[in-house]
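Please treat every number below as a calculation from the coordinates, not as lab data. Owing to the predicted nature of the structure, the values given are computational and were not obtained by experimental measurement. So basically every Cβ, Gly included, is an ideal-geometry build from the backbone, and we count neighbours across all protein chains shown.
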Amino acid sequence: MITEQKNITCIACPRGCRLELIPGAEGSEAQIRGYECPKGLAYGQREAVEALRILTSTVKTCSAEMPRLPVRLSEPVPLDRFREFMDLINSFLAVEDCKPGDVLVRDFGMPGVNLQATGELHYEN
Amino acid sequence: MQLNQEKQLQYDVTVVGGGPAGMAAAIAASDEGARVCLLEREEKIGGILKQCIHDGFGVLRFSEQLTGPEYAWRYAQELGRRPVDVLTRTFLTSIEKNGSSRDGYLLKIVNSQGLSRLETRTLVMAMGCRERTDRQVFIHGERPAGIFTAGQAQDLINLKGYLPGKRCVILGSGDIGLIMAQRLTLEGASVEGLYEIGSEPSGLNRNVSQCLEDYGIPLHLNSTVLEVQGRKRVEAVTVARMERGIPVQDTVRTVPCDSLILSVGLIPENEMLQSLAPQMDERTRGPRVNQYMETSCPGVFSCGNALHVNDLVDYVSQSGETAGRAAALYASNRSGGDRGGEAELTAAGNLSYVLPQKLRLPAEGAVPLFFRVNKSAPRGKLTVTHEGTVILEKTFRWLKAAEMERLDLDLSVFSGSNGGSVAVRMSEEGS
C-alpha cells in the first residue's frame, strides 16, 4: 500500500487520465481521484496496493558473437524491488546453450519467480 | 547458403529485409507455393526486434505479451520450416527492370561469395525505417562524442553490453526514447530529463507511465535542446521552454550531462526503390499502395515500416503477410492481372494519412484502413464517402496523434463500381 501521494497516468485506455492516488488513513484503502471510468478506478486501486511490472534485461555471456543474452522474469514483481533484481541479473553469466522460454534460474530472488531466456544462445562446442 | 556463380539465381518472390515484415512476407509467399528468397544484410534475421528486449509485442498476434527477441524467434522458427533461401550478410546493390514489366526484376547482390545476379518475378520491399539523427534536427554547437540516437543506445546496451553514458538527457518522446530512459536508469545511468517540443508526448501512454513516471524521470513538454556544449565529449546541453518556436527567456538552462539521446522520429527507408521510381506518399514517406500492398511498379510490393511507421509489430507482420501472399499470386499469374480499375483514397479533416492509398476493384472481403490523426481529440467521426455517397461512418473516442487507428472497410459497398474517388475524413463531432 502506498504511503505518500502518487500521480500517475492511467493506461487502461488511450485516453490517459491523470490519476491521483491518495493514501488512506492507517492502512485503509487509498483514495483514487481523476478517473473517468470503472477501468480507471480499478487500475488506480491496483497501483495503490502494489505496482507490479515485468522486468526485462540482459545477462552476460561468454560468446564473442553474442555478448549479451536477453532475459525476463517469468512473473510481474514489485516495481520498488527492481534495483535488487537488476543486481541479481547483472551477476548472472549464461554459460549454457538456451532458447526463448528456457528457465535459467528457478526461484530467482523471490519464490515462484524464474529468470527466463528470451533469446537464443548457441556456443560453438 | 552457397551461391552458385555459374547459374543465375531465379525466384518468384524476393523479400528485401529480414525484420518482422520481411519474415512474415517470406512465410506467406512460400505458403502460396512461390520460390522465395530473403535478403538480409545483418548476420541474423529478426531486424530491430532483436534489440527490443522489453515486452508488449504480439498482443494481437499471439494474445501474449512477448519481448522483441521472442516475437522474432517465433517467426524465424516458422521461416526455418519452409524452403525459403535466406541469404544473410547480403547486400542488395541495385534493382533494374528485366525486359518488359511482367518479366520481373534483375538484382545485384554482394556477400561473402562476391557479386551475384538474381532474377525475380516480384519484389517485397521490407527495409523498415531509419531514425532521424542529430544532423536532421537544429541544435547549435558541435557534434562531439556522446550523441546517440535512441536506437543506437539500445543497440549498445542490449546487444553489446556497453553503457553509452552515465548522465543522459533525452530529446524527443518517441517510444524508443521513452524505453531507453527506463533501460538507462535500470543499468545505472541517471536520466536528467526528457525534452519534447510538442505539447504532448509522441510515444504511447503506457511507455510514458511505465518508463518515465515509474522512475520519476521528468518530462518537459513544449521544451527542447537548443545547444550542445563540449568539444570532445558532450559536457552539457542548453534547454529551454519554447513558445511559437522561440525560446522563452528566463527558462533557458544549462543541464550538465555526458550524453544526449535523440528520439526525434522515424523515416521509412526506401532509397533502394529510387531506381524504379514508384509513386510515393509525401505524408507516410513510403510508396503509395493498394490493398495488396502493391506499389505503382507492377510486381513490387511494400510492407511494414518501409511503407509507413507503425506503432505495433503485429500490424507490421500483417502487412508483410498481405504483401508476401499477393506477390506469390502475382508471380504465378493468379492475381487477376490488370482487370478492373482503381479507386483513389484521400485523407481529409483531422487525418494525417490513410493507408492503403488505392483500392483495386472489383474485389471481395474487407480491407483494413489504417490512419493517424494530426491532432489529439476526445472524439472524432470518421466518414468514408465514395463519389459523394457515404459508405462507412464510425465514431472514435480519445484519438491520439501518437496512436494509429484501424477500421475495416467492407468492399461489397463498391458493388458495380471499378474506380472513382474515396474520401476518408475525420471530423469533430458533437462539440
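A few points about this structure:
- Only lysine pairs 8 or more places apart, or on different chains, with alpha-carbon atoms under 19 angstrom apart are counted in chain B, and they number 9.
- Over the protein assembly as shown, the fraction of Cα-Cα pairs per 20 Å bin, rounded to whole percents and listed from the shortest bin up, is 19, 51, 28, 2, 0.
- Both radii were evaluated on the Cα set of region A:6-49; the Rg over Rh quotient, with Rh as the Kirkwood radius, amounts to 0.96.
- Counting Cβ atoms of other protein chains within 10 Å of each Cβ in B:186-194 and taking the mean gives 2.
- Potential lengthening between residue B:339 and residue B:206 on full extension [0.36 nm per residue; Cα-Cα distance subtracted]: 43.3 nm
- For chain B, a Kirkwood hydrodynamic radius built from all Cα pairs, placed in the Stokes-Einstein relation at 4 °C and 1.567 mPa s, yields a translational diffusion coefficient of 56 µm²/s.
- Proximal charge balance of residue B:253 [Cβ under 12 Å; K/R count +1, D/E count -1]: -2
- For region B:366-407, the fraction of alpha-carbon pairs in successive 5 Å shells from zero, as %: 6, 21, 30, 23, 14, 6, 0
- Neighbour-limited loop hits for trypsin sites (Lys or Arg not before Pro), region A:1-74 (at most 11 other Cβ within 10 Å; DSSP other than H, G, I, E, B): none
- Dipole of the protein assembly as shown computed with +1 at Lys/Arg Cβ and -1 at Asp/Glu Cβ about the Cα centre; of B:191, A:62, B:263, farthest Cα towards the positive end is B:263.
- For a modelled paramagnetic label at residue B:387, 7 Å from Cα along Cα-to-Cβ, the residues of region B:412-429 in reach, with backbone nitrogen under 20 Å, are B:412-425.
- Using alpha-carbon coordinates, inclination of helix A:38-49 to the longest axis of chain A, degrees: 70
- Near residue A:30: Cβ cut-off under 15 Å, other residues only, Lys/Arg at +1 and Asp/Glu at -1. The net charge is -3.
- Charge sum, other residues only, whose C-beta stays under 13 Å from residue A:46's C-beta, Lys/Arg counted +1 and Asp/Glu -1: 0
- Dividing the summed -39500 (n - 2.57) terms of all DSSP H runs of n ≥ 4 by the residue count of chain A sets its mean residue ellipticity at 222 nm at -5000 deg cm²/dmol.
- Coarse-grained scattering of chain A at q = 0.13, 0.16 Å⁻¹, given as base-10 log I(q)/I(0) from a Debye sum over alpha-carbon atoms: -0.66, -0.81
- Acute angle (nearest 10 degrees) that the helix B:20-31 long axis makes with the longest principal axis of chain B, alpha-carbon atoms: 20
- Listed from fewest to most Cβ neighbours within 10 Å, the set A:28, B:352 follows the order A:28, B:352.
- Prolate/oblate/rounded call for region B:222-318, Cα gyration tensor, a/c under 1.5 rounded: prolate
- In loop segments of region B:92-169 as defined by DSSP, the GluC sites (Glu not before Pro) with at most 16 further C-beta atoms inside 10 Å of their C-beta are B:142.
- Nearest 10 degrees, 0 to 90: helix B:175-186 Cα axis against chain B principal axis: 50
- The mean sequence separation of alpha-carbon pairs under 8 Å and at least six residues apart, normalised by the residue count of region A:5-125, gives a relative contact order of 18 percent.
- Calculated [θ] (222 nm, deg cm²/dmol) that DSSP helices of n ≥ 4 give over chain B, each run adding -39,500 (n - 2.57): -4500 deg cm²/dmol
- In this structure the amide hydrogen of residue B:141, modeled in the peptide plane, comes within under 5 Å of the amide hydrogens of B:228, none closer than 5 places in sequence on its chain.
- Neighbour-limited loop hits for GluC sites (Glu not before Pro), region B:274-374 (at most 11 other Cβ within 10 Å; DSSP other than H, G, I, E, B): B:282, B:364
- With Rh defined as the Kirkwood radius, the inverse of the mean 1/r over Cα pairs, the Rg/Rh of region A:56-117 is 0.95.
- Placing +1 on the Cβ of every Lys and Arg and -1 on the Cβ of every Asp and Glu, with no other charges, gives chain B a dipole of roughly 560 debye about its Cα centre.
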